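Student: Here it is, the structure in full.
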Amino acid sequence: MATIKDVAQRANVSPSTVSAVLTGRVAVKEKTKKRVEAAIKELEYTRNFAARSLRTKSSKLLALVVSDISNRHFATLAKTVSSIGRQRGYTTLIADTGGDPSREAAVTTSMLEQQVDGLLLEASQASEHHRHWLEENISNLPCILVENGLPNTRLATMQLNNYAMGKKAVQHLYDHGHRKIGVLWGDLPFSSAQDRKQGCLDQLDKLGLKNCKEWVVDARFCAKTARERTHAFLSKENRPTALIALNDAMTVGALGAVNALDLKIPEDLSFLGFDSFELADHMTPALSLFEHDEAITALATEATKCLIGSIEGKNKMGPQSSMIFESKFVQRASVRHV
């Protein structure tokens, strides 16, 4: 059975151009339109979604593509997008890429084949080629990049203030007298991960704390790796007095290492985490965190409304536009003055 990708290849156009011809949402040159229609006929391309779109000019489908739907962060995003979409008469299709750029490309193509009206995408930063592929293949589809953007992109973007959070985390510890600060980060191809790390590094440099670099460790956003690597540097005589974990999984791993070494927070090690952590208030001591639930909910709400507005020709979010959402820092009892 022919797919929208097959039609695009036969007509020598992008999949989004085929989608535009099928739905009539975006104007397509008459010559190109005829070429696409000829390819559809030659390949006997038929699909229920496409047929419905031809009749109604709208599939009433939104697509949300994220790297890890099991992550609380993205579960909140998905729940909010689905809820807002449903209120406006849209059904949301949700796909998980596992952070794999090739899977991201395949899923995006699949969503185009199902004639979605708009796309919310958490994009990876795999390569310049991948960025060009995305921009070319979704050029005629209303799309907003959510949480993870792309460098030098012409696509609209909505993100958390990840870079600023990294800087604020280091500054908070510095203001409490800490000059030996460790950072657990993850080398993932997403702007959120890179921005948090870079914010920490830039603030360490600004404060003249270049000696801390030995404790800035790639723990892969993984609890097991964070536990192992935290245990390794906390076992040494020269160790940090404060530690930042840039996501919740690494927080769990780092705390496991602290307990295994019979160290106490904040007496032996001040600790600051990222991401909403359900037990943060109930732990002893309660954890100081940058919490994202409210910001993610606000981002997802605004992104969905803007996407639907773009689909329906109202309050369109223009190319290269961006919005930043502020996460909340909750100071509890895991950081002490030294």
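The values are calculated or read from the model by the stated rules, or taken from the named source; none is laboratory data. Worth saying up front: this structure is predicted, and the values here are computed from it rather than measured. With ideal geometry, Cβ positions are generated from the backbone for all residues, glycine too; neighbour counts draw on all protein chains shown.
Student: Does segment 187-205 hold any residues that are farther than 19 Å from F290 by Cβ and either among the polar types (S, T, N, Q) or over 25 Å from the mean Cα position of the chain (by Cα) (or both), and which are they? Give the derivation first.
Tutor: Of the residues in segment 187-205, the ones farther than 19 Å from F290 by Cβ are 187, 189, 205.
Within segment 187-205, D205 is the sole residue that qualifies.
Student: Can you tell me which residues in segment 282-320 are surrounded by 14 or more Cβ atoms within 10 Å (Cβ to Cβ) and either assigned to a loop (DSSP other than H, G, I, E, B) or among the aromatic types (F, W, Y) (or both)?
Tutor: Within segment 282-320, M283, P285, A286, L287, F290, H292, E312, K316, M317 meet the criteria.
Student: Check every one of the strands (runs of 3 or more DSSP E) wholly within segment 76-171 and list those with 1 or more residues that are of a type in the set (S, T, Y) and in contact (Cβ under 8 Å) with a residue 24 or more places away in the chain.
Tutor: Correct list: 91-96, 156-160.
Student: Among the numbered conditions (1) on the phi > 0 side of the Ramachandran plot; (2) touching a helix residue (DSSP H, G or I) at 6+ places or on another chain (Cβ under 8 Å), tell me where Q320 comes up short.
Tutor: Among (1) on the phi > 0 side of the Ramachandran plot; (2) touching a helix residue (DSSP H, G or I) at 6+ places or on another chain (Cβ under 8 Å), Q320 violates only (2).
Student: Taking the conditions exactly as written (at pLDDT below 95, under 26 Å from the mean Cα position of the chain (by Cα) and among the basic types (K, R)), does R229 satisfy them or not?
Tutor: So R229 fails the test.
Student: Kindly establish whether E312 is under 22 Å from L64 (Cα atoms), out of contact with any Cys (no Cβ under 9 Å at 6 or more places or on another chain), modelled with pLDDT of 95 or more and in the same structural domain as S83 (by TED's automatic domain parsing).
Tutor: The answer is no for E312.
Student: Okay, next question. Can you pull out the residues in segment 138-161 that are crowded, with 20+ Cβ neighbours inside 10 Å, touching a helix residue (DSSP H, G or I) at 6+ places or on another chain (Cβ under 7 Å) and farther than 15 Å from S124 by Cβ?
Tutor: Matches in segment 138-161: N140, L141, P142, I144, M158, L160.
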